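The values are calculated or read from the model by the stated rules, or taken from the named source; none is laboratory data. Quantities reported herein were computed from a predicted structural model and do not represent experimental measurements. Counting neighbours? That spans all protein chains shown, and the Cβs are built from the backbone with ideal geometry, glycine included.
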Amino acid sequence: MGLATFRKGGVHPSDMKYLSNKQPIERFPIPEELVISMSQHLGAPATVLKAPGDHVSRGERIGQASGFISADVHSPVDGTVTEIRKVTMANSVCCDAVVIKPDEVQNDKLYTKKIDYNSLSSEQILAEIKDKGIVGLGGATFPAHVKMTISPGRRVDNLVINGVECEPYLTADHRLMLEHPMEILEGIMVCRKVLDPANTIIGIEANKGDAIETLRAAIEKRGYPIKVMPLKMKYPQGDEKQLLKATTNREIPSGKLPLDVGAVVVNVGTTYAIFNAVVYGKPLFERVVTITGECIAKPCNVIAPIGTKVSDLVAYAGGFTTEPDKLVSGGPMMGFSFFDMDTPIAKGTSGILAIPDKKSYRQTACLSCGSCVAACPLGLQPTRLYALITNGRYEEAMKNNLMDCKECGCCSFSCPAHLDLVHAFKTGKKMGRKK
Amino acid sequence: MRRVSSSPHFHSGVSTSNIMFSVAAAMTPACIWGVYAFGLRALLVLVISIASCLLTEYLLGLISKENTLWDGSALVTGMLVGMNMSPSIPLFIPVIASVFAIAVAKWTFGGLGANWANPAIAGRAFVFFSFSSAMSSFTLPRALSAVDVVSSATPLSMVKTAVAGGEVAGMTSTQILAQNGYMASDLATKIAKATGFNAYNIDAFIGNIPGCIGEVSKILIIVGAIYLFCRKIITWHIPLTYLGVYALLTWIFGGIPNGLGFFRGEVMANMLRGGLILGAFFMATDMVTCPITHKGMVIFGIGCGFFTFLFRSFGSLPESTSVAILLMNIVTPTIDRFVKPKRFGEEVAK
């Protein structure tokens, strides 16, 4: 039987997951200094609540959401605020950050008392999710309470849980599904209580067969009304548009949200965070990060506090075997390359990659071969957009649906002329918006 | 030093030169057959075509201060020019064709990727209409002649001449060829006896047929094309629609010029003669000059098939593959303007 997938476009990069998919999640030791950015989510940055010299305790709020689309930030440790300074994150966002020096003795008695979420109303659950600063952990870091607030009159047919992890190299979600299936499932049940969907589907790509089996067994044991759906491997299946097409055969029109086709998509990592927030009252101040790449001595998956510096993570993973050509935050297809080893990780950092110099190719003129058109999952014409943008015709590019582009990278990945298509689209979007 | 760049930080590994050298490799078996069938003279024509393409590319690169030899496109053009020449061609003609292909058809429009016509076809068309008689005289392959360099018309032009003479009412092309004393090779005759296939078609399939150096061996061209299919360098859209439409039209209407009537066209005979197979797999599929969408490629293939049939069966020239492809090259930008991929989300949600 053929497995489900989305139809239009997509590419098949080698998944490179063997580097770290056998490594159990380890708890990362508390580093000497944490740099916690106030812009860990999509939307307005949080407001700093602390001043240098203040003592903070683990889980205490240090940043206050500053708008409708914004999220609170919490301290991952007991410690002292040493400084408030500007920090540049891997995605080039520059914002305020709270620098915390952790105490030598940490209070580890927190978050052990279980709350029965069935006794909570859905408003209480949403309030709890907001209070604990939960954001989507798949990469876009959209505040979860905003996503899960369904306006009256709207109905959710499908709650789709994203366990696809289609980016090469990354194994954080995979390990989480293997090691914490019960927590993920309970997190999903919490979401179900809020959203009341007709169907609940977990979409997982076929290269994670062990995770599919683990979750299926756990669902059977608990008798939850959740369906696990194995999907054929294809990038970018983890994008909500492609995932909904693959799992429910519905297409989100341009500029619309999943809710417009009666669906909500939540990442497995987010359901785990929601479980911890609602059941144990634990704010989102740590996450699973994959430290991997050919240049890392011991690729691994760790659960690390938000604000840990990349240098500490790399040192934990045994350092570099060879000097990497690029450091990437996130996956290789959509992640951001950065150069500063002191860049801290944020809520959305699913992985840190150190990749060597891939055999470099020379750029040539566009051959109009059509690879990019065939690869584009959104039905755009990347080569045409590229020509328009490089000639400064931004408005015309916008008319050719440039804003539909999600920068998934399929076009650049398959371009034989090695054109920087995605780079041009990022530029074009900025210039097009200006006008 | 660590590099910082926009995503993606991962690449499939294909490159322009990689594609071009693969295409060149895929055409090599057919070239080797050409040299085997027509002797070292054919090799000389191929070498001269390739060398003049490369030299022209290099010299133009000196002027524009860019070195584009390594991308392999000039090599492919050179091979195609040579493959489209008769083995007995005077040697200055492939030189002119090559210079025209690279300098006029490609570089005046902005070099690789900017040309509107397939350079090799443009070069061939230029010399074809300049030196028609030299371009139309062919020699018999090794298997059909006891001595070297026996000139002969191609089966296509033999039939064309006979049909134009008007004395062939109701005869199939096989009968016309037999009447004109066209021979089949011993091997093909033996196979024909054993299998019941037409001996002329077997010869044409193997490559024992007078014609251009690279177009004669259909089986080796198909072998090369299969390699390109496997490498995903060409897709089925153009070759299949091209050959399919041509075969269909030939079957329905191809018998009319011979006075045979509808549905009496000789599909296999016409498909295997001339440059159709080479054109469909290696010239129509040129990335630069064919549409970028798969839908557009299908339209392009249908157009090529239609015009090839029209010119071959009802035109004055015996061979018209390259003219048909050239014509569709002109239409390509228009196809690309109107045929756009369907935007995601435009289908009504079920």
**Study point:** Residues that are outside any strand (DSSP E or B) and within 9 Å of chain B (Cβ to nearest Cβ), drawn from the range A:342-362
**Key:** A:ASP357, A:LYS358, A:LYS359, A:TYR361, A:ARG362
Check your understanding: Which of the following residues is part of a helix (DSSP H, G or I), at pLDDT 95 or above, within 14 Å of chain A (Cβ to nearest Cβ) and crowded, with 19+ Cβ neighbours inside 10 Å: B:ALA26, B:ALA74?
Key -> B:ALA74
Point to revise | Total residues in the range A:122-156, condition in a loop (DSSP other than H, G, I, E, B), in contact (Cβ under 8 Å) with a residue 60 or more places away in the chain and either touching a Leu at 6+ places or on another chain (Cβ under 7 Å) or more than 14 Å from A:VAL266 (Cα to Cα) (or both) | key: 11
Check your understanding: Of the residues that make up the range A:98-106, is at least one closer than 29 Å to A:ILE204 by Cβ and either in contact (Cβ under 8 Å) with a residue 12 or more places away in the chain or outside any loop (DSSP other than H, G, I, E, B) (or both)?
Key -> no
Check your understanding: If a residue has to be under 24 Å from the mean Cα position of the chain (by Cα) and surrounded by fewer than 16 Cβ atoms within 10 Å (Cβ to Cβ) to count, how many in the range A:96-110 make the cut?
Key -> 0
Revision key, fill the gap. Note: among A:VAL279, A:VAL266, just one is touching a helix residue (DSSP H, G or I) at 6+ places or on another chain (Cβ under 7 Å), part of a strand (DSSP E or B) and not polar (S, T, N, Q), namely A:VAL266
Check your understanding: If we keep just the residues of the range A:1-15 that are assigned to a loop (DSSP other than H, G, I, E, B) and in contact with a strand residue (DSSP E or B) (Cβ under 8 Å, 6 or more places away or on another chain), which is nearest to A:LEU313 (Cα to Cα)?
Key -> A:PRO13
Review point. If we keep just the residues of the range A:253-303 that are more than 17 Å from the chain's Cα centre (by Cα) and acidic (Asp, Glu), which is farthest from A:ILE115 (Cα to Cα)?
Key: A:GLU294
Practice item. Go through the range B:104-159 and give me each residue that's assigned to a helix (DSSP H, G or I), surrounded by fewer than 19 Cβ atoms within 10 Å (Cβ to Cβ), without any contact (Cβ under 8 Å) to a residue 40 or more places away in the chain and among the aliphatic types (A, V, I, L, M). Key: B:VAL104
Practice item. For the range B:7-17, enumerate the residues that are in a helix (DSSP H, G or I) and within 7 Å of chain A (Cβ to nearest Cβ). Key: B:THR16
Revision key, fill the gap. Across (1) assigned to a loop (DSSP other than H, G, I, E, B); (2) touching a Pro at 6+ places or on another chain (Cβ under 9 Å); (3) surrounded by fewer than 24 Cβ atoms within 10 Å (Cβ to Cβ), A:PRO332 clears everything bar (3)
**Study point:** Segments classed as helices (runs of 4 or more DSSP H), wholly inside the range B:245-350, with at least 1 members that are within 12 Å of another protein chain (Cβ to nearest Cβ) and surrounded by fewer than 21 Cβ atoms within 10 Å (Cβ to Cβ)
**Key:** B:294-314, B:321-338
Practice item. Could you list, in sequence order, all residues of the range B:23-41 that are in contact with a Leu (Cβ under 7 Å, 6 or more places away or on another chain) and either under 24 Å from A:TYR361 (Cα atoms) or free of Cβ contacts under 8 Å to residues at least 40 places away in the same chain (or both)? Key: B:VAL23, B:ALA24, B:ALA26
Exercise for review: Would you confirm whether any residue within the range A:18-35 is under 26 Å from A:PRO143 (Cβ atoms) and touching a helix residue (DSSP H, G or I) at 6+ places or on another chain (Cβ under 9 Å)?
Suggested key: yes
Study note, to complete from the structure: When the range B:270-299 is checked residue by residue, the ones that are closer than 28 Å to B:VAL159 by Cα and in contact with a Pro (Cβ under 8 Å, 6 or more places away or on another chain) are B:ARG273, B:GLY274, B:ALA280, B:PHE281, B:ALA284
Review point. Only one of these conditions is not met by B:TYR58: (1) in contact with a Pro (Cβ under 8 Å, 6 or more places away or on another chain); (2) away from chain A (no Cβ under 14 Å); (3) not aliphatic (A, V, I, L, M). Which number is it?
Key: (1)
Review point. If you scan the range A:202-223, which residues turn out to be buried (at least 21 other Cβ atoms within 10 Å of the Cβ) and either of a type in the set (Lys, Arg) or not in a helix (DSSP H, G or I) (or both)?
Key: A:ILE202, A:GLY203, A:ILE204, A:GLU205, A:LYS208
Check your understanding: When residues of the range A:363-374 are filtered for being free of Cβ contacts under 8 Å to residues at least 40 places away in the same chain and either β-branched (Val, Ile, Thr) or more than 9 Å from chain B (Cβ to nearest Cβ) (or both), how many remain?
Key -> 1
Review point. Looking at the range A:380-429, what helices (runs of 4 or more DSSP H) fall wholly within it and have at least 2 residues that are under 21 Å from A:LYS8 (Cα atoms) and among the hydrophobic types (A, V, I, L, M, F, W, C)?
Key: A:410-414
Exercise for review: Select from the range A:46-92 the residues that are within 20 Å of the chain's Cα centre (by Cα), closer than 19 Å to A:ALA273 by Cβ and not hydroxyl-bearing (Ser, Thr, Tyr) and list them in ascending order.
Suggested key: A:ALA46, A:ALA65, A:ILE69, A:ALA71, A:ASP72, A:VAL73, A:HIS74, A:PRO76
Exercise for review: Give the residues of the range A:375-405 that are closer than 20 Å to A:GLU240 by Cα, within 10 Å of chain B (Cβ to nearest Cβ) and surrounded by fewer than 22 Cβ atoms within 10 Å (Cβ to Cβ), sorted by residue number.
Suggested key: A:GLY379, A:ASN401, A:ASP404
Practice item. For B:PRO87, indicate whether it is in contact with a helix residue (DSSP H, G or I) (Cβ under 7 Å, 6 or more places away or on another chain), assigned to a loop (DSSP other than H, G, I, E, B), more than 14 Å from chain A (Cβ to nearest Cβ) and not small (Gly, Ala, Ser). Key: yes
